[in-house]
1. Please turn the phi angles of segment 60-67 into ³J(HN,Hα) values with the Karplus equation 6.51 cos²θ - 1.76 cosθ + 1.60 (θ = phi - 60°), one per residue in order, whole Hz, x for glycine and proline.
2. What accessible surface, in Å², does a 1.4 Å probe find on THR49, ignoring ligands, DNA and RNA and rounding to the nearest 10?
3. Quick check: pseudo-label points 7 Å beyond the Cα along Cα→Cβ at ARG78 and ALA60, how many nm apart are they?
4. For GLN53 and ALA34 in one chain, what is 0.36 nm times their gap in residues minus the Cα-Cα distance, to one decimal in nm?
5. How large is ³J(HN,Hα), in whole Hz, for each residue of segment 37-52 in order, when computed from phi with the Karplus curve 6.51 cos²θ - 1.76 cosθ + 1.60 and θ = phi - 60°, using x for Gly and Pro?
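The values are calculated or read from the model by the stated rules, or taken from the named source; none is laboratory data. Keep in mind that this is a model prediction, so the values were computed, not measured. Reconstructed Cβ throughout: ideal geometry from the backbone, glycine too, with neighbour counts over all protein chains shown. Accessible surface areas use protein heavy atoms only, side chains included; no ligands, DNA or RNA. Shrake-Rupley method; radii C 1.70, N 1.55, O 1.52, S 1.80 Å.
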Amino acid sequence: MPVREGDDHADSRRPRPTGQSWGKDSTPDVVEAALADALTKASAAGEWTTVAQLARELEARREARVGVVKLDTARKRRER
């Protein structure tokens, strides 16, 4: 969804996003919400290097929050 001049994203009457990013019972982390907003704006501006970096950071934070185990890291630990 494009960001339009005058849109008020802090409007408390609007429902919170749900889906893969934020479940029905969870509240988004403030930093994750800011990263997602920056990602949207960078994408709209065509700043693709910035989009890639923000997406990596957002992905890493979400994976860490839910405890995703990276298989290559786990295998290296077992080899020691």
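1. Each residue's phi maps through the Karplus curve to give 4, 5, 5, 5, 5, 5, 8, x Hz.
2. Ignoring ligands and nucleic acids, THR49 comes out at about 120 Å².
3. Modelled inter-label distance: 2.5 nm.
4. Gain in length upon complete extension: 5.5 nm.
5. 5, 5, 4, 4, 5, 5, 5, 4, 8, x, 8, 5, 5, 5, 4, 4
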